[in-house]
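Every number in this text was worked out from the coordinates using simple rules, so none of it is lab data. Note that the coordinates shown come from a computational prediction; the quantities given were computed from them, not determined experimentally. Here the Cβ is made from the backbone with ideal geometry for all residues, glycine too, and neighbour counts use every protein chain on show.
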């Protein structure tokens with residue numbers, strides 16, 4: 001079972017054992033904003049193991065219209081690129097290899 005809890009710019013993700021009495025993985029994510037839009041995500045593994053790094057910093061940049069967004073890691077490597085139709089439905093999405 002998986003669980004996501006959202007609290008105004010903060011997310012807690014938990015993955016439970018089949019018995020549901022043990023947390024196998026827990027990650028917390030903090031969104032960093034300039035007051036009007038999100039600029040970065042700081043994701044930290046609190047408990048358990050997975051293929052990702054202990055902490056991941058994702059910088060997010062969009063164009064003036066918000067119709068395209070690129071996401072970079074802390075070494076300025078591209079994580080993802082996405083373009084949007086009006087009303088924010090995705091028209092194109094490319095994802096690089098998952099960062100380590």
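If you rank 44, 49 by fewest surrounding Cβ atoms within 10 Å, what's the result? Don't skip to the end; give the middle numbers.
Details: 44 14, 49 9.
Fewest-to-most Cβ neighbours within 10 Å comes out as 49, 44.
Between residue 61 and residue 12, the modelled labels are 3.5 nm apart [label points 7 Å from Cα along Cα→Cβ]. Fewest Cβ neighbours within 10 Å first, please rank 69, 93 accordingly. Placing the least packed residue first, the sequence is 93, 69.
The rule of thumb for compact globular proteins, 2.2 N^0.38 Å, goes into the C-alpha radius of gyration of region 2-95 1.24 times.
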